[in-house]
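Input: a single structure, listed below in structure tokens.
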Amino acid sequence: MHFEHSEKAKDLQRRVAAFMNDHIYPNEATYHRQIAEGDRWQPVPIIEELKPRARAAGLWNLFLPESEYGAGLTNVEYAPLCEIMGRVPGFGPEVFNCSAPDTGNMEVLVRYGTEAQRKRWLEPLLAGQIRSCFAMTEPDVASSDATNIRSSIVREGDGYVINGRKWWISGAGDPRCKIAIFMGKSNPAAPKHQQQSMILVPMETSGVTIRRMLPVFGYDDAPHGHAEITFENVRVPASNMLLGEGRGFEIAQGRLGPGRIHHCMRLIGVAERALDAMCARVTTRVAFGKTLAEQGTIRADIAESRMEIEQARLLTMKAAYLMDTVGNKAARGEIAMIKVVVPRMTLRVLDRAIQAHGAAGVSNDFPLASAWAHARTIRLADGPDEVHREAIAKLELSKGTNAGPR
């Protein structure tokens, strides 16, 4: 495996880091103040101000591997860029039009959308004019097994009628969210993994109702938010179907592979920033006659954090390399592994950083508490740890044994 980057990729790393230093980090306080002081469920002015600058600087849609639409980077090349942007959750990636769930939804439209679907929805998403959501999880079933999904997609004449109740629909709180990719059951009599379909549902369609915004450990994540939505006799044209009836699982696998690795890349950035914050804090605080940095337990925490970050990054880079060279399906074991390893690592590093900050670490004076809440949700998003561990075990067992003679 070779992780050496091209000069183009290295140049983008320098430019993204410089943009973060010049525009993102200095405006974090402004970002939080504008959310607190204004209408929490409206676009944040500082983000809208910085987006044109990022686009003018050529730092826009970097996540898309297809050069026709994005920067044409491989997963290995995009990894450090995603990590740098992820150091400021939410705010950072959005400025570059590289935030979830839009990134995954745009990839779905690029890969599986018709020319008309791409014209109607992909182009404004690429331009940052609208936002989107992904409606898959349901409150009434264990959605870790997607075959449990009960929402229905029924063909009637020249369209489909959609009914269902979805929740944890990230991004639906933003007034710019104009389109949902909805997963539901279209043919209950078909084989297990051909019963589901995905279809495009404009959010303004009659029967689509946001019932409430769901807090995460007390954070509402405005204006992005996580919604519970009901779909009651929602009618959309047949042309809104993605790829074809019964191909929802196929689309999901194509979408969730890149989505999972992007989560991990961003979380490594979160862990790096937490370690930076811990080091800065312990060199300036004095207890029992010496700085915290001189205390053995703190130094051990710093060392453990650095080792764990490097291990997680290497595994993530291996997954990226395999996705680039042999494809997402062949890399599914590594993708499953990083989806378990990286969020756990990030939570451990954040916990140590919070401990080093003392009571301040659990306050909103520092970003550690909110980052912990976000990282904890990633152990559930795009599949819980248990599902990924089961997949890893099955792959391992399928290799057979080579224990030698007994």
Revision key, fill the gap. Flagged pairs (Cβ under 9 angstrom, 6 or more apart or on separate chains; first in the stretch 327-346, without any contact (Cβ under 8 Å) to a residue 12 or more places away in the chain; second surrounded by 20 or more Cβ atoms within 10 Å (Cβ to Cβ) and not aromatic (F, W, Y)) are A330/L322; A330/M323
Point to revise | Criterion (outside the structural domain of W60 (by TED's automatic domain parsing), surrounded by fewer than 18 Cβ atoms within 10 Å (Cβ to Cβ) and within 22 Å of the chain's Cα centre (by Cα)) met by exactly one of E123, E156, E138 | key: E123
Exercise for review: Examine the stretch 324-332 for a residue that is assigned to a loop (DSSP other than H, G, I, E, B), on the phi > 0 side of the Ramachandran plot and touching a Lys or Arg at 6+ places or on another chain (Cβ under 6 Å), and state whether such a residue exists.
Suggested key: no
Practice item. Among the residues of the stretch 21-53, write down those that are aliphatic (A, V, I, L, M) and in a helix (DSSP H, G or I). Key: I24, A29, I35, A36, I46, I47, L50
Check your understanding: Which number in (1) of a type in the set (A, V, I, L, M); (2) under 28 Å from A222 (Cβ atoms); (3) in contact (Cβ under 8 Å) with a residue 40 or more places away in the chain marks the one condition that A79 misses?
Key -> (2)
Study note, to complete from the structure: Residue hits (the stretch 164-199; assigned to a strand (DSSP E or B) and among the hydrophobic types (A, V, I, L, M, F, W, C)) are W167, W168, I169, C177, I179, A180, I181, F182, M183, M198, I199
**Study point:** Filtered residues of the stretch 113-128 (kept if without any contact (Cβ under 8 Å) to a residue 40 or more places away in the chain and over 24 Å from F231 (Cα atoms))
**Key:** E115, K119, E123, A127
**Study point:** Hits in the stretch 207-229 - residues which are assigned to a loop (DSSP other than H, G, I, E, B), touching a residue at least 12 places away in the same chain (Cβ under 8 Å) and over 26 Å from Y112 (Cβ atoms)
**Key:** L214, F217, G218, D220, D221, A222, P223, G225
Point to revise | Residues satisfying the stated conditions in the stretch 134-163, i.e. farther than 17 Å from L380 by Cβ and part of a strand (DSSP E or B) | key: S152, I153, V154, R155, E156, G159, Y160, V161, I162, N163
Point to revise | Members of the stretch 323-336 found to be under 20 Å from A393 (Cα atoms), among the aliphatic types (A, V, I, L, M) and surrounded by fewer than 21 Cβ atoms within 10 Å (Cβ to Cβ), listed by number | key: A330
Point to revise | Which numbered condition I130 misses (of (1) at pLDDT 95 or above; (2) within 15 Å of M265 (Cα to Cα)) | key: (2)
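The values are calculated or read from the model by the stated rules, or taken from the named source; none is laboratory data. Because the structure is predicted, anything quoted here is derived from the model rather than measured. Quick reminder, even Gly has a Cβ in these numbers, built from the backbone with ideal geometry, and neighbours come from all protein chains shown.
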